[in-house]
Amino acid sequence: MTDATPGDRIALPCPACSPELETVHEVLKPGGQVTVRCTACDHVHKERLPEERTVQTDVVVSQDGDSFSAQVDVPEDEGLKVGEEFLLETEEAVMTVRITSLETAEGRTEEAPVTDVETIWSRAVGNVAINVTMHPKDGRHDETESLKLQVPGDFEFVVGGTEKFGDEEFTVEGIHVREDAHGYQHEKLDFDGDIAFAKDIARLLVRDESTTAWSAW
């Protein structure tokens, strides 16, 4: 906890109102000894925070069909779980990644203490490429076009909604959700108003709204 910043809230004993039990404190001023204020009694005092012990863990990141390896420092007492997201800093970039699998000495698992994890398998979700299957606006489904969209991971697609990206304009008719996405009741969303984040989408099924000239394909 040595990197505390003003406004952070931490658990510490309060010499004024709770010397034996921890209470919530607000960090007022960082430093070797941080200045904190007890939120229970407003007593201000200085404390030296304990060093946070971390475990350096290997990470494999999948991004747009490619993958690369990196390392991340995780607090020693933390547990990891498939579906969780964290910020990964590398020499090239800072990116948000989502855990897709955890590798331990006993094999792959969906949840484990960080001390048991040998490799974190993940994929980048800050910016993602989405597969799109598009059919013409006249309703024909025997002719389709496939394309990819590069969008921010938190961009929302809505079934029934119309989107425009460059020269492409389309209405979303269906959304196939990725296996590692959480919080969705179905793997395919096809009711008007259904919403999914781009980072959770395996494929979009859409109707072209930009042209009817499909005979050249």
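Report the residue, chosen from Gly79, Gly183, Gly160, that carries the largest GNM mean-square fluctuation when the chain is represented by alpha-carbon nodes joined by springs under 10 Å.
Gly183
Can you list the residues, at least 5 places off or on another chain, whose amide H is less than 5 Å from the amide H of Lys29, using H built in the peptide plane?
Hits under the 5 Å cutoff: Thr35.
Can you give me the relative contact order of region 10-159 as a percent, contacts being Cα pairs under 8 Å and 6 or more apart?
Contact order relative to length: 14 percent.
What lysines could a cross-link reach from Lys29, if we take a straight Cα to Cα line under 28 Å and drop same-chain neighbours fewer than 8 places away?
Lys46
To make sure I understand the rule: partners must be aspartates and glutamates, Cα under 13 Å from the Cα of Lys188, and not fewer than 8 residues away in the same chain. Which ones qualify?
Result set, ordered by chain and number: Glu173, Glu179, Asp200.
Quick one: with all protein chains in place, what share of the accessible area of the chain is carbon or sulfur, to the nearest percent (1.4 Å probe)?
44 percent
Averaged per residue, what accessible surface does the chain expose to a 1.4 Å probe, in Å²?
Ligands and nucleic acids excluded, the result is 60 Å² per residue.
Normalised by the residues of region 144-217, what does the relative contact order come to in percent, with Cα pairs under 8 Å and at least six apart?
Details: 126 pairs, mean separation 27.1, N = 74.
Answer for region 144-217 is 37 percent.
Suppose R0 equals 45 Å. What FRET efficiency, 1/(1 + (r/R0)^6) with r the Cβ-Cβ distance, do Val94 and Arg140 give to the nearest 0.05? Kindly include the intermediate steps, with their values, before the conclusion.
Numbers: r = 44 Å, r/R0 = 0.99.
Taking R0 as 45 Å, the efficiency between Val94 and Arg140 is 0.50.
Out of Val158, Thr171, Thr5, whose Cα points farthest toward the positive end of the dipole of the chain (charges: +1 Lys, Arg; -1 Asp, Glu; placed on Cβ)?
Farthest towards the positive end: Thr5.
Most fluctuating residue of Gln185, Gln71, Gln150 in a GNM of the chain with Cα springs under 10 Å: which is it?
Answer for the Gaussian network model of the chain: Gln185.
Please report Rg over Rh for the chain, where both radii come from the alpha carbon positions and Rh follows the Kirkwood definition.
Over the Cα atoms of the chain, Rg/Rh equals 1.14.
Using the Cα centre as the reference, give the magnitude of the dipole from point charges on the C-beta atoms of region 106-217 (Lys, Arg: +1; Asp, Glu: -1; all else neutral), rounded to the nearest 20 debye.
I would put it at about 240 debye.
Quick one: dipole size for region 29-123, taken about the Cα centre, charges +1 on Lys/Arg Cβ and -1 on Asp/Glu Cβ, in debye to the nearest 20.
The dipole of region 29-123 has a size of about 560 debye.
Highest GNM mean-square fluctuation, the chain, Cα pairs closer than 10 Å: which of Val59, Val24, Val97?
Among Val59, Val24, Val97, the largest mean-square fluctuation in the Gaussian network model of the chain belongs to Val24.
The values are calculated or read from the model by the stated rules, or taken from the named source; none is laboratory data. Bear in mind that the values here come from a model prediction, so they are computed numbers and not experimental data. Backbone-built Cβ (ideal geometry, glycine too); neighbour counts: all protein chains shown. Remember, those area values only see protein heavy atoms, side chains included, never the ligands or the DNA or RNA. Shrake-Rupley method; radii C 1.70, N 1.55, O 1.52, S 1.80 Å.
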